[in-house]
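Engineer: The structure follows.
Read the figures in this text as sums done on the coordinates, not as results from a lab. What you see is a predicted model, and the numbers here were worked out from it, not measured in a lab. In this analysis, Cβ positions are derived from the backbone assuming ideal geometry, glycine residues included, and neighbour counts consider all displayed protein chains.
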Amino acid sequence: MNHKFRFNKESMDRIKRFMTGEEPPQTPEPPQEEEQPSQVEVVREGGLCAALLTDIGCVRVSNQDALVKGEMLFGVADGMGGHNGGETASAGARDGLVSLLEGKQPSVDALRTAFKAVNHRLYLQQQEDESLSGMGTTLSVVWLSENYVYIGHVGDSRVYLLRDGEFRQVTDDHSLVAELERLGQLTHEQALHHPMKNVITRAVGTEETIDTDLMVEERRKGDTWLICSDGLTGMVSDKSIEAIISANEVEKAAELLVEAARKGGGRDNISVALVREEEAAE
Ligand code: CA
């Protein structure tokens, strides 16, 4: 290879300054964005201990995830679309749901109505503001009464349950690849690595009406619920997630899950909400 070396203007200037003993002009360092370590929020109430943590990840310039925390209400929203759209959608879903459910007795109906109202609000907002056009968000939450856990879910964030040593995904992903997998047209392995795995088929705020998955489970001592965005599940296997949750207190587990997702590439925002039913104090 034939490398031709040419002095550009900058190197010529540098040589001139060297010859004349002149001090080089100070080029100011670009301000280093101080990376604040994400803080776990810990909640103890009603016989449970919860830990919530969201992290921007290693690649994205903003965090469009939002943690949902209300009265015995825990979850995540993962926003998408546009410049500010993603953040507006996830924050709007969080704030809307928390305020709509405040003071209410947990029930499937209350949850369905609130999801509907939140969807409608976001939908109108983007109809009115062109800059928000195309925005939407996932929304997955658990809401606990004295004896039951009510689950509301739209999108590809997930709810998992660790019970009696068995770890399982409670929600279905509303994503193209998951739908194809359920139809038997993709294997689980193919779905995991599919180039269109980010395409979601249901979101809050994108359509005038919404179809919310709603479930009820009994509350049991020792159960651990995990609600998380795909920034975790896209980077860390279910097996590793289970191992971390099984072996740690929720606060530590939340940190370790985020750390594992960052080590796995951290290509997306990472959000986790862990809710553990405390064993009865004997
Ligand atoms: Ca995401």
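Engineer: On C-alpha positions alone, give me the angle between the axis of helix 238-247 and the longest principal axis of the chain, in degrees, nearest 10.
Structural biologist: Helix 238-247 and the main axis of the chain meet at about 70 degrees.
Engineer: Another question, then. Whole number please: convex hull volume per residue, Cα atoms of region 65-169, in Å³.
Structural biologist: 89
Engineer: Now for a separate question. Around residue 157, which amide H atoms from residues at least 5 apart in sequence, or from another chain, sit under 5 Å from its own amide H, with H modelled in the peptide plane?
Structural biologist: Here the answer is 139, since their amide H atoms fall under 5 Å of that of residue 157.
Engineer: Shape call for region 119-246 from the C-alpha gyration tensor, a ≥ b ≥ c root eigenvalues: rounded (a/c under 1.5), prolate (a/b greater than b/c) or oblate?
Structural biologist: oblate
Engineer: Per DSSP H run of at least 4 residues, take -39500 (n - 2.57); add these up for the chain, divide by its residues and hand me the 222 nm value, nearest 500 deg cm²/dmol.
Structural biologist: Rounded to the nearest 500, it is -9500 deg cm²/dmol.
Engineer: Compare the peptides 198-204, 162-168, 83-89 by average per-residue count of other Cβ atoms within 10 angstrom and give them in order, highest first.
Structural biologist: Highest mean packing first, the order is 83-89, 198-204, 162-168.
Engineer: Run the Debye formula on the Cα coordinates of region 214-260, all scatterers equal and no solvent, and tell me log10 I(q)/I(0) at q = 0.18 1/Å.
Structural biologist: -0.60
Engineer: Using the alpha-carbon atoms, what tilt in degrees (0 to 90, nearest 10) does helix 9-20 show relative to the longest principal axis of the chain?
Structural biologist: 60
Engineer: Ranked from highest to lowest mean number of other Cβ atoms within 10 Å per residue, what is the order of the peptides 191-197, 242-248?
Structural biologist: In decreasing order of mean packing, 191-197, 242-248 become 242-248, 191-197.
Engineer: Specify whether the C-alpha gyration tensor of the chain places it in the rounded, prolate or oblate class, a ≥ b ≥ c being the square roots of the eigenvalues: rounded for a/c under 1.5, otherwise prolate if a/b is larger than b/c and oblate if not.
Structural biologist: Judged from the Cα gyration tensor, the chain comes out prolate (a/c at least 1.5, a/b above b/c).
Engineer: Taking only Cα atoms, what is the 0 to 90° angle, nearest 10, from helix 108-128's long axis to the longest principal axis of the chain?
Structural biologist: 40
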